[in-house]
Amino acid sequence: MTSPVSIPHTNGQPLIRLRGLRKSYNLGQPAEVEVLHGLDLEVKRGEFVALMGPSGSGKSTLLNVLGLLERMTSGSYELLGEEMNGLHDEGLTLRRRRALGFVFQFHHLLPAFTALENVTLPALMTEGFVSEAQRAHARELLAAVGLAHAEHKRPAELSGGMQQRVAIARAVALKPALVLADEPTGNLDQASSSDVFSLLRQIHAEQGTTFLIVTHDPRLASRCDRLVEIVDGRIERDEPIGAAAGQPA
Amino acid sequence: MNWRRWLGFEWRVAVKFLREGRSQTLLIILGVAAGVAVVAYISALITGLQASTLAKTLGAQGHITLRSLDDVVLSAAAPEPGSTRLAEVQPRAQRLRSVINWQLLLPVLEATPGITAVSPMVSGAGLALRGEAVQSMALLGVDLDRYDRIVGLRGKVVSGTARLGPGEAIVGRELAHDLGLRLGDRFSVQTASAGGTSSGATVTEVLRVTALVDLGVKDLNERTVIAPLRTAQSLLGLPGGVTQVDMRVSDVWQASAMARELRQRYPLKAESWQENNAQLVSALNAQSVSTAIIRGVVMVVVVLGIASVLVVSVVQKRHEIGILRAMGATRRQVLRVFLLQGLLVGSLGSAAGLLLAVAMIWLFTTFVRGSDGLPLFAITLPLATGLNVALVATVCGVIAAIAPARRAAALDPAQAIRL
């Protein structure tokens, strides 16, 4: 786990290392289709990476494999120096819980839980109860995303942008090493979308969390430090962008 | 802190899920409650009915009765080996015979676990005479205290005080009416002497009525005369003997097995109330089987009801399950969330159902009356029965949740989120 601020943004340790990663659907059937054709990719701790590509290029599949939601067909995926290929469902689930945070396009909060309960859910899931310290931490996070006043509101009572900010607070609640965001602003108007993106950059700056963000929006991509572009299941482009020196946008 | 950790997450999510689908949850809890109420009420009703029937039947007889073996005709000589003998044997007339060694047997029987009361009795036929009235009667010679423990005789006295001093008798209500007897009146009892009717001699004794009893069956009331043991012994020509030993046991359903054991142990005829009331026993068994079938069917309906609601819930909550799985909830945690929902629905429904059953029983005992204005029979819901039904329903809730829970646990998180 990273601790806030003190960790240099790019300290050189590989967080993700993909070697010849392939992913096929309908394996062994006539309709078998390979979506990812042997990807090699390294992401270091503290990077802020944009993942772009046209629809159907395989970026969501890549995000799912990186997020341990789907298994690769072949190849190697090391997360925090540990090989993920071959782990059983329980092993993948526990690593997902410990090391990863997710922000989805449609915020995906649990509708029956209040904003605060949504943010403390990862702690509840891990410990079986929510300590006062964790509750306080969750309140700080909600305050940090500008929703201190909304902790007792349910998702249905919040706007789309507010819901997405709750989802971000939840994703980083247990200080994961890597946050995977699938078009986190895809469902928001331009102003909200810019706010949410700024929030991600702010958390990155404060906590040193690594971000991998799938986006269609070139303007947002340009606010990242590195751009990886996938076309037809292959990495077409992988280069530093924006300020490129790794400064927060 | 461990108690807080244990299933803390699963518990919270299960409760939230149930509260989210409030009307659905309420309906199924009501369904379970109705099922539990029906089962608990039927159980209480049948138990009450059976207890009342048994009490009425067993009130006038011992649970196990020991008698001497029948007289049988033995063949004069064993048949030649390899030969077959054809014989027609006239069965012997059965005379009154005493249970051998009954004085020694009493303390042994009393010390036998499961036997709560033992009473020797000499019984035989005779005539009750008063003035011009002659009634046939059954003469029972007993030790009052012991006999009272078998049939609760003192509780059946309708007038007078049960007392059996020398020359005293307790008489059935109808017989007293037929003879025109009141308390304190005397009447004659006439029996054939020990030599049987063929000798022509009869024995007569005058007895004084101390109490009239209602034994619950008119037929018995019309012919019962209860006299002291000694008086009956001399009247029936069986000095020092008793024709039967009645016993009461703590568990009436064990009577048959205990009778079998007694038959093996002593050269005596041992009959249980079940053997003497085979039709009643089969009727009671039929009731119990019907109750079991009703319970089974209702529980199956409860299981199907809970299962169908949870199956729908799994489909409705696919998305949320996907989010939880993506966040790191294990398959087992998701499984437990749904099992807990089954448990919650089952236990809440059970609690409500028991209250409903108690209300139904109250209605029954308050408003359903017999022709005499008294409650038909007492029905209560014993705590053990109630808890048993509730436990079964709760377990049914968990069982019902197994299939939906497994479906939920097997959901692919990536697919569930995409929906």
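The values are calculated or read from the model by the stated rules, or taken from the named source; none is laboratory data. Small disclaimer: the values here were computed from a predicted structure and weren't measured. A quick note on method: Cβ atoms are made from the backbone with ideal geometry, for glycine too, and the neighbour counts reach across all protein chains shown. In case anyone asks, the SASA skips ligands and DNA or RNA and just uses the protein heavy atoms, side chains included. Shrake-Rupley method; radii C 1.70, N 1.55, O 1.52, S 1.80 Å.
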* **Residue satisfying condition, being touching an Asp or Glu at 6+ places or on another chain (Cβ under 9 Å), open to solvent by less than 10 Å² (accessible area, probe 1.4 Å) and modelled with pLDDT of 90 or more, within set A:Leu142, A:Leu180** => A:Leu142
* Tell me, please, whether a residue that is crowded, with 16+ Cβ neighbours inside 10 Å, among the hydrophobic types (A, V, I, L, M, F, W, C) and not in a helix (DSSP H, G or I) can be found in region B:330-352. => no
* Asked: Are there any pairs, at least 6 apart or on different chains, whose C-beta atoms fall under 8 Å, with the first in region B:54-82 and free of Cβ contacts under 8 Å to residues at least 24 places away in the same chain and the second polar (S, T, N, Q), and if so, which?
  -> B:Val73/B:Gln90
* Would you say A:Leu92 is surrounded by 17 or more Cβ atoms within 10 Å (Cβ to Cβ), over 14 Å from the mean Cα position of the chain (by Cα) and either part of a loop (DSSP other than H, G, I, E, B) or within 12 Å of chain B (Cβ to nearest Cβ) (or both)? -> yes
* To do: Kindly indicate which of A:Leu51, A:Leu69 is in contact with a strand residue (DSSP E or B) (Cβ under 9 Å, 6 or more places away or on another chain) and either assigned to a loop (DSSP other than H, G, I, E, B) or open to solvent by 60 Å² or more (accessible area, probe 1.4 Å) (or both).
  => A:Leu69
* **Residue list for region B:362-395, restricted to those being touching a Gly at 6+ places or on another chain (Cβ under 6 Å) and of a type outside the set (A, V, I, L, M)** => B:Phe377, B:Thr394
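Filter region B:54-78 down to the residues that are in contact with a helix residue (DSSP H, G or I) (Cβ under 7 Å, 6 or more places away or on another chain) and among the polar types (S, T, N, Q), then identify the one that is nearest to B:Arg95 (Cα to Cα).
Ranking the candidates gives B:Gln61 first.
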* **Flag for A:Gly101 being at positive phi and not in a helix (DSSP H, G or I)** => no
* To do: Name every residue in region B:287-332 that is within 8 Å of chain A (Cβ to nearest Cβ) and in contact with a Ser or Thr (Cβ under 9 Å, 6 or more places away or on another chain), in order of residue number.
  => B:Arg325, B:Gly328, B:Ala329, B:Thr330, B:Arg331
* Are any residues in region A:123-168 among the small types (Gly, Ala, Ser), closer than 18 Å to B:Met327 by Cα and more than 13 Å from chain B (Cβ to nearest Cβ), and if so, which ones? -> A:Ala138
* Output the residues belonging to region A:145-177 that are in a helix (DSSP H, G or I), open to solvent by 40 Å² or more (accessible area, probe 1.4 Å) and closer than 16 Å to A:Phe211 by Cβ. => A:Arg165
* Could you check region B:186-281 for helices (runs of 4 or more DSSP H) lying wholly inside it with 3 or more residues that are on the phi < 0 side of the Ramachandran plot and open to solvent by less than 10 Å² (accessible area, probe 1.4 Å)? => B:255-265
* Structure fact -> Taking region B:124-158 and the residues there that are open to solvent by 40 Å² or more (accessible area, probe 1.4 Å), among the small types (Gly, Ala, Ser) and modelled with pLDDT under 90, the one that is nearest to B:Thr231 (Cα to Cα) would be B:Gly131
* **Residues being under 20 Å from the mean Cα position of the chain (by Cα) and hydrophobic (A, V, I, L, M, F, W, C) - total across region A:117-137** => 4
* Asked: (1) over 11 Å from B:Ala408 (Cβ atoms); (2) within 11 Å of chain A (Cβ to nearest Cβ); (3) not hydrophobic (A, V, I, L, M, F, W, C): which one isn't true of B:Ser347, the others all being true?
  -> (2)
* To do: Looking at (1) surrounded by 22 or more Cβ atoms within 10 Å (Cβ to Cβ); (2) away from chain B (no Cβ under 14 Å), find the lone condition where A:Asn85 falls short.
  => (1)
* Does B:Ala384 satisfy the condition of being closer than 24 Å to B:Lys317 by Cβ and in a helix (DSSP H, G or I)? -> no
* Structure fact -> Only one of B:Val38, B:Val32, B:Val13 is open to solvent by less than 30 Å² (accessible area, probe 1.4 Å), more than 14 Å from chain A (Cβ to nearest Cβ), of a type outside the set (Gly, Ala, Ser) and out of contact with any Cys (no Cβ under 6 Å at 6 or more places or on another chain), namely B:Val32
* Would region B:81-104 turn up any residue that is surrounded by fewer than 10 Cβ atoms within 10 Å (Cβ to Cβ), of a type outside the set (Lys, Arg) and in a helix (DSSP H, G or I)? -> yes
